[in-house]
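Input: a single structure, listed below in structure tokens.
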Amino acid sequence: MTTAGQKLINETYCNSKCTEQFLRTMLEKITDEEFERDVCEQIGKYRKLKESAEQRLRVAGHLPKEWKPWRNAWNWSWLQWNTLWDISSSHMADLMLHENIRGISEITKTMNRYPRAEKAALEIAQELVDFEETSIRLMKTYL
């Protein structure tokens, strides 16, 4: 695996892990059953993407590197602050939209930085982008 492929897969791993943890924190505040079910399904998809990226790194002899360790603390604090007065599904869907857009931005920048990464690395990164876009469409239904 090239350095470019490793960095791209690692970014996919970190992005998926960060969003999964964000959703797990959000899940504690959700009161609507349908919204909760949709968020649980998303958690599962992010977990699968994270595990797939981690497996690809390990097969190539690399360990996933934690990316921006402060991000989880920031996300937790940001979510707590933004749900002090409003825990409606609409508001939380809006928060999730921001997280999805951030995720698309980060992974797309990395894809653009490493356009010659291995096909498998580009594919898993694109799978994350595609899922983030699907998530945006889903969250818009709750606004």
Original post:
What's the angle, to the nearest 10 degrees (0 to 90), between helix 33-59's Cα axis and the longest principal axis of the chain?
Top reply: 10 degrees
Subject >> FRET efficiency for D32 and S105, using Cβ-Cβ distance with R0 set to 25 Å, rounded to 0.05 >> reply: 0.35
Original post:
With axes computed from alpha carbons, what is the tilt in degrees of helix 89-113 against the longest principal axis of the chain, rounded to the nearest 10 within 0 to 90?
Top reply: 10 degrees
**OP:** Considering only A73, A93, A121, give the residue with the highest GNM mean-square fluctuation for the chain, with springs between Cα atoms whenever their separation is below 10 Å.
**Re:** A73
Original post:
In the set (1) 2, 11, 22, 25, 22, 13, 5, 1, 0; (2) 2, 10, 16, 17, 14, 11, 9, 6, 5, 3, 3, 2, 1, 1, 1, 0; (3) 2, 10, 20, 23, 18, 12, 8, 5, 2, 0, which value of P(r) over Cα pairs in 5 Å bins from 0, in percent was calculated from the structure you see?
Top reply: (3)
Subject >> Sum of -39500 (n - 2.57) over DSSP H runs of 4+, divided by residues of the chain (222 nm, nearest 500) >> reply: -27500 deg cm²/dmol
**OP:** Please go through the stretch 1-98 and write out the chymotrypsin sites (Phe, Trp or Tyr not before Pro) that DSSP classes as loop and that have at most 16 other C-beta atoms within 10 Å.
**Re:** W67, W85
Subject >> Coil-residue trypsin sites (Lys or Arg not before Pro) of the stretch 75-143, DSSP, other Cβ within 10 Å capped at 10 >> reply: R116
Original post:
Of L27, L128, L84, which is the most mobile in a GNM of the chain whose springs link Cα atoms less than 10 angstrom apart?
Top reply: L84
Subject >> At most 15 other Cβ within 10 Å, DSSP loop - GluC sites (Glu not before Pro), the stretch 36-143 >> reply: E66
**OP:** For helix 70-82, report the angle its Cα long axis makes with the longest principal axis of the Cα atoms of the chain; keep it between 0 and 90° and round to the nearest 10°.
**Re:** 20 degrees
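Every read-out reported here was derived from the displayed coordinates using simple, explicitly stated rules and does not represent laboratory data. Bear in mind the structure is a predicted one, so any value in this text is a computation, not a measurement. Cβ sites come from the backbone with ideal geometry, for glycine too, and all protein chains shown count toward neighbours.
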